[in-house]
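Reviewing the structure listed below.
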């Protein structure tokens, strides 16, 4: 592709001179980057604005390294010295431009694959895996992108992407690879950051799914209104032009459900699901929960069916309903949808039982709603004579307003609390813990332990537990690392639990 050809794909480029390319219109474009360190001959550098760094500050560095052209935001003219002869293209939004260039260079894979996008605060990972299972059972080749990484029909192990939804350059490369491997579908977790930053611009989603909306990422979005509006972009951008069939799957029990319904363009087929709302298209009756899973009868426009999940907790039922509704939207029969979701044994770090006597559950819950959901689910299956023990903390350099809320939720729902670190990052772990404790109305040393060392905190919870108790280790789930200042160390809650339980049993047998 020649540099001049890119212009036709930049929907909001501002051409200020007849020769916007500085005599390089016929130069071939070999790549695009937003990292000035990767700028070189043949590569277009796109300057992205950011809360911490501004790519416009690195225009001089990028041009000095031989960048073919520079793409900047029109209202952020830079005074940085740029090497003579380097074309500068002004656009209204460089995030959007990065996605458009990335998509064009990869041959527009987001238009050729059948895409299912899942957004929401909690449950995205489980829902995408359930939908993946349904499609694979139909003989379809499926790619998966999300919190755990990415995998394809050929490669079932995960490759890390670093983000729930990768940046536009990486995402388009991944989609190109998945298309080249003959995957027909891609099921993708779509974050609010990704939607606001146009990372999925150029992706033509066939089905958009909403799990729920609760507090998260307010360090970035600032308000709940900005947060849910970012999520709603997945639905408002559904493309029904030319008679395309597009579907929206929305949790009717969730806050802002009506706003998401309103966001959908006319002619989008709507599927609603719920446990509490009787008017939902997909709903349940006769729910039953145990440590081994859950069961219920699902009622849908396609009929009724009994379901036995290997996934525990009411929140898992919501996730299953989201997947079932998505399957119906994709034309899969109710019988096949049920067979598929019943097969899924569990998702890494999602209400994952990693030890018994006492039962220890590892879960990714790192938001107030997530912690409330997992503790409520664990409470339902805690024996009458048993106690519920919560081990949790909050991440650093993130929304601090959720910390006292999580402290209050744990105090209300758990019998014993072990308050510890999560990923403190550059913050003082003790300050984060103090913020958590500020939400606790009555600090009772008989039922509360503070231990900043997460490994020791997990050990203490296991030491204090009786065989009939249930321990929930919340916050990190599948993560196998901990971020301490500028260091990232190996840390896996599941490993810590299982190693310590094994050690205790070996000592007791001596």
Legend entry - the range 400-422, residues that are surrounded by 18 or more Cβ atoms within 10 Å (Cβ to Cβ) and not in a helix (DSSP H, G or I): 414, 416, 417, 418, 419, 420, 421, 422
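Pick out, from the range 314-382, the helices (runs of 4 or more DSSP H) lying fully within it that include 3 or more residues that are under 15 Å from residue 133 (Cα atoms). Even if it seems obvious, please write down each step before you answer.
Working: elements: 314-329, 334-343, 368-380.
Hits in the range 314-382: 314-329, 334-343.
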Inset, instruction - Looking only at the range 450-464, decide whether some residue is buried (at least 19 other Cβ atoms within 10 Å of the Cβ), free of Cβ contacts under 8 Å to residues at least 40 places away in the same chain and not assigned by TED's automatic domain parsing to the domain that holds residue 125. - result: yes
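Among the residues of the range 426-449, are any assigned by TED's automatic domain parsing to the domain that holds residue 394, closer than 24 Å to residue 312 by Cβ and in contact with a strand residue (DSSP E or B) (Cβ under 8 Å, 6 or more places away or on another chain)?
Filtering the range 426-449 down to residues assigned by TED's automatic domain parsing to the domain that holds residue 394 leaves 426-449.
Retained after the next criterion (residues that are closer than 24 Å to residue 312 by Cβ): none.
There is no residue in the range 426-449 that is assigned by TED's automatic domain parsing to the domain that holds residue 394, closer than 24 Å to residue 312 by Cβ and in contact with a strand residue (DSSP E or B) (Cβ under 8 Å, 6 or more places away or on another chain).
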Inset, instruction - Considering only the range 389-399, state which residues are surrounded by fewer than 20 Cβ atoms within 10 Å (Cβ to Cβ) and modelled with pLDDT of 95 or more. - result: none
Inset, instruction - Examine the range 208-227 for a residue that is in the same structural domain as residue 145 (by TED's automatic domain parsing), touching a strand residue (DSSP E or B) at 6+ places or on another chain (Cβ under 9 Å), closer than 30 Å to residue 38 by Cα and at pLDDT below 95, and state whether such a residue exists. - result: no
Legend entry - Answer residue from the range 342-360, given it is surrounded by 21 or more Cβ atoms within 10 Å (Cβ to Cβ) and touching a helix residue (DSSP H, G or I) at 6+ places or on another chain (Cβ under 6 Å) and is nearest to residue 470 (Cα to Cα) among those: 360
Inset, instruction - Taking only the range 423-473 into account, find how many residues are within 19 Å of residue 495 (Cβ to Cβ) and not in a helix (DSSP H, G or I). - result: 7
Inset, instruction - Of the numbered conditions (1) at pLDDT below 90; (2) on the phi < 0 side of the Ramachandran plot, residue 99 fails exactly one; give the number of that condition. - result: (1)
Inset, instruction - Scan the range 55-70 and give yes if some residue there is surrounded by fewer than 14 Cβ atoms within 10 Å (Cβ to Cβ), touching a helix residue (DSSP H, G or I) at 6+ places or on another chain (Cβ under 7 Å) and in a loop (DSSP other than H, G, I, E, B), otherwise no. - result: no
Legend entry - Index of the failed condition, residue 470 passing every other in (1) in contact with a helix residue (DSSP H, G or I) (Cβ under 9 Å, 6 or more places away or on another chain); (2) more than 15 Å from residue 410 (Cα to Cα); (3) touching a residue at least 40 places away in the same chain (Cβ under 8 Å): (2)
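The values are calculated or read from the model by the stated rules, or taken from the named source; none is laboratory data. All figures in this text were calculated on a predicted structure; none of them were measured in a lab. Positions of Cβ are backbone-derived with ideal geometry, glycine not excepted, and every protein chain shown enters the neighbour counts.
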